[in-house]
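These notes concern the structure reproduced below.
Each reported figure results from applying straightforward, stated rules to the coordinates on display, with no laboratory input. Values in this document were obtained by computation on a predicted structure and should not be read as measured data. Here the Cβ positions follow ideal geometry from the backbone for every residue, glycine too, while neighbour counts run over all protein chains shown.
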Amino acid sequence: MPNLSRIHAIAQKEVFHILRDSRTLVIIILMPLLQLIIFGYAMNMELGQVPLVVQDNALNGASRALIDAFIHTDYFQVVPLAAKQLEPKSIFRTRKAQATLSIPKDFGNSETAVYLEIDASDPNSAQLIQNYATGIVGSFRGSVAAGIDLRPLILYNPDMKSSFFFVPGLIAMILVMICALLTSISISREKEMGSMEQILVSPVSASEILLGKVLPYILLGLLDALLILGVGMLLFQVPFRGEFVVFLLFTFLYVLTSLCLGLLVSTVAKTQQAAMMMALGITLLPTLLLSGYMFPISSMPPVLQKLTLVIPARYYLQIIRGIMLKGNGVQHLFQAGLSLVIMSAVMLLVAARRFKLRLS
Amino acid sequence: MIHTRDLVKEFGSFRAVDNINLDIAKGEIFGFLGANGAGKTTTIRMLCGLLLPSSGSITVDGLDIAKHSEGVKHKIGYMSQKFSLYPDLKAIENLEFYAGIYQVPFKKALANIRDVMDQFGLTDILSSSTGALPMGYKQRLSLVAALVHDPPLVFLDEPTSGVDPQARREFWQVINDLAQTGKSVIVSTHFMDEAEYCHRVIVMQDGREVVLGKPAELKDQHQAGSMQELFLRVLGENNAKSV
């Protein structure tokens, strides 16, 4: 049975390390902020002010109304170009515009078609441009001439803002990365410095060492979560529709899972360097690619779908998106939370078993 | 206090410790002598439970180390060769930590180490940052940290390496006093003059015992004037035998 006073001694010492090591504080405070800001502004999935070249051959009321409809959105910006330059290929080649709109002579009278050419060297942007243009033209016409009139109702993120999508995702990614990094480094540092040897001579058990190491970082992880959440809401106007207590409870579970992952890493890595590489390797890319953050899990091949089951962020993403955007309560998140509890328990047990109370 | 029977440690095909039999009494200062790689540190690590022996047995105060690991650990104080207190902690915080993991109330721990701290002149530097202390003080603090739980058995692995002669003398005065209070002190060293302070020594080479006994008697047996001479002579004889 783990002894509380010994765990306390280890945890207290760990707090001293944290408070006195500026590197830890940098990892805890600066890293998440930098990531949030860089990702937040760079990973913008929306397009705005797409340079558009308009070739208006009709020059009548209808064509001007259509062009106005394009200009009045934030999506397009009309690039003035001399008539002789109006050859789409050279426009795209010189990157003067990403799309051209040509309106035929009889537009508004006998002609109803307009032509849009899009530079698809970046297919995602091209897709977005097409969607925007279709939307503009659709609303310009007022209603669809054919029988079907689709009226979509977009829930939770009606403006389809990408910040709603990446801020919760970033909380998931940054937390797992930092928590795994911190615990694995803190244990491998003691191995490297030789202080672990001094601890191993004492009657302390493996589980006491691991618990003493994890406890202070749970608090730090939660603080980090609040920091990212706060800054994310402030900078990117992300809503928080759920209950704060629910957020704390489930974030605690996720932090715990991430810390246990770090413990597991530390039982393999012998040096701080190795621990750092391993912790980053197993958290960064898998979280980015396999958690459902960037790419929907349902569109992955079955093998990868199975693999996502062991990615803690997969569960936390459901949780955090649920809480922030949908206002989910415990009853909606129970299963994902349970998965995190099971993962933590398994990793802690394996780490305690693997942790060697003797030198090799 | 501590007994070993046919103690062997193998790392792969390399025999680091080969059939060591020791009986160390209460209040005895027992020295491990030998060149680097002779097996001193490996033996000491097995004695304090950091390494499992490949074969053979160790009993500490009547307890088999393999069966009563936790009980034995309470009886052992260990100062490793490498300085391993936390440099970012204050001296007193380091002591508090070690008291904590041995479950000794800090007041009691301070009482346990008061005499040694006075002797070492450590009382004044307790609130200093450990990393900023001079080497000599770091070594003394390491020894004190190994004594917070008042262990009857103290292992010091090359405690005086990198310490000036004056400080080494002081160190040995403290070791002597610890033995006077009934603690068994097991010291490894490669300073031959220090061997004179030990009640008994074992000279090791290639993991094996070369000679074991009281310094004065060993010198007589081998007609050596000093421990240095004895050391070179017995190792020379041993080499000649094995050739």
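Given 10 °C and 1.306 mPa s, how large is the Stokes-Einstein diffusion coefficient of the stretch A:290-360 in µm²/s, with Rh as the Kirkwood radius over Cα pairs? Before the final figure, lay out the partial values.
Working: Rh = 13.9 Å.
Taking Rh from Cα pairs, D becomes 114 µm²/s.
Write down Rg/Rh for the stretch A:1-144, rounded to two decimals, with Rg from the C-alpha atoms and Rh from the Kirkwood relation over Cα pairs.
Values: Rg = 27.2 Å, Rh = 19.4 Å.
Rounded to two decimals, Rg over Rh is 1.40.
Specify the angular offset, from 0 to 90 degrees and rounded to the nearest 10, of the alpha carbon long axis of helix B:91-101 from the longest principal axis of the alpha carbons in chain B.
70 degrees
Write down Rg/Rh for the stretch B:117-224, rounded to two decimals, with Rg from the C-alpha atoms and Rh from the Kirkwood relation over Cα pairs. Provide the component values of the computation, followed by the final result.
Numbers: Rg = 15.5 Å, Rh = 15.3 Å.
On the Cα set of the stretch B:117-224, Rg over Rh gives 1.01.
So what does log10 I(q)/I(0) come out to for the protein assembly as shown at q = 0.06, 0.11 Å⁻¹, using the Debye formula with one equal point on every Cα and no solvent?
Reported log10 I(q)/I(0), two decimals: -0.50, -1.04.
Consider just the alpha-carbon atoms of the stretch B:34-105 and return their Rg together with their Dmax, both in angstrom.
14.7, 41
Once the Cα atoms of helix B:165-180 and of chain B are each reduced to a long axis, what angle between those two axes, in degrees from 0 to 90 to the nearest 10, is obtained?
Relative to chain B, helix B:165-180 is tipped by roughly 90 degrees.
Of all alpha-carbon pairs in chain A, indicate the percentage at a distance above 34 angstrom. All intermediate terms of the calculation are to be shown ahead of the outcome.
Working: 28262 of 64620 pairs.
Looking at chain A, the distances longer than 34 Å represent 44 percent of pairs.
If Lys and Arg each add +1 and Asp and Glu each add -1, what is the summed charge of the other residues whose beta carbon sits under 15 Å from the beta carbon of A:Cys260? All intermediate terms of the calculation are to be shown ahead of the outcome.
Details: positive: A:Lys213, A:Arg353, A:Arg354; negative: none.
Counting the neighbours of A:Cys260, the net charge comes to +3.
Give me the number: length gained by fully extending A:Lys326 to A:Val245, i.e. 0.36 nm times residue separation minus the C-alpha to C-alpha distance, one decimal in nm.
On the way: separation 81, 0.36 × 81 = 29.16 nm, distance 1.52 nm.
Stretched out fully, the A:Lys326 to A:Val245 stretch lengthens by 27.6 nm.
Given 10 °C and 1.306 mPa s, compute D for chain B with the Stokes-Einstein relation, Rh being the Kirkwood radius over Cα pairs; round to the nearest whole µm²/s. Can you show the working numbers first?
On the way: Rh = 18.5 Å.
Translational diffusion coefficient: 86 µm²/s.
If each Cα of the stretch B:144-190 is one equal point scatterer, what is log10 of I(q)/I(0) from the Debye formula at q = 0.17 Å⁻¹?
Here the Debye-derived log intensity ratios amount to -0.48.
What list of ³J(HN,Hα) couplings, whole Hz, do you get for the stretch B:215-226 from phi and the Karplus terms 6.51, -1.76, 1.60, once you set θ to phi - 60° and write x for glycine and proline?
Per residue, the Karplus-derived 3J(HN,Hα) values read x, 4, 5, 5, 4, 4, 4, 9, 6, 10, x, 9 Hz.
Pairing the Cα long axis of helix A:206-236 with the longest principal axis of chain A, what angle in degrees results, from 0 to 90 and rounded to the nearest 10?
The angle comes out near 20 degrees.
I want to check the label-to-label distance for B:Asp193 and A:Phe39. Put each point 7 Å from Cα in the C-beta direction and report it in nm to one decimal.
6.3 nm
Hey, how much of the P(r) for the stretch A:144-233 falls beyond 18 Å, as a percent of Cα pairs? Numbers along the way, then the final one.
On the way: 2545 of 4005 pairs.
Percentage above 18 Å: 64.
When all C-alpha to C-alpha distances in the stretch A:185-296 are sorted into bins of 10 Å, what percent of pairs does each bin hold, rounded to whole numbers?
12, 34, 33, 16, 5, 0
Within the P(r) computed for the stretch A:7-82, what percentage of the Cα pairs occupies the region above 15 Å?
On the way: 2090 of 2850 pairs.
More than 15 Å apart: 73 percent of the Cα pairs in the stretch A:7-82.
Just the Kirkwood number for the stretch B:8-137, please: inverse of mean 1/r across all distinct Cα pairs, in Å, one decimal. Mind showing how you got there, number by number?
On the way: mean 1/r = 0.0581 Å⁻¹.
Kirkwood hydrodynamic radius for the stretch B:8-137: 17.2 Å.
Compute log10 of I(q)/I(0) for the stretch B:1-54 with the Debye formula, placing one identical point scatterer on every Cα and leaving out solvent, at q = 0.22, 0.30 Å⁻¹, to two decimals.
Log-scaled intensity ratios, in q order: -0.87, -1.40.
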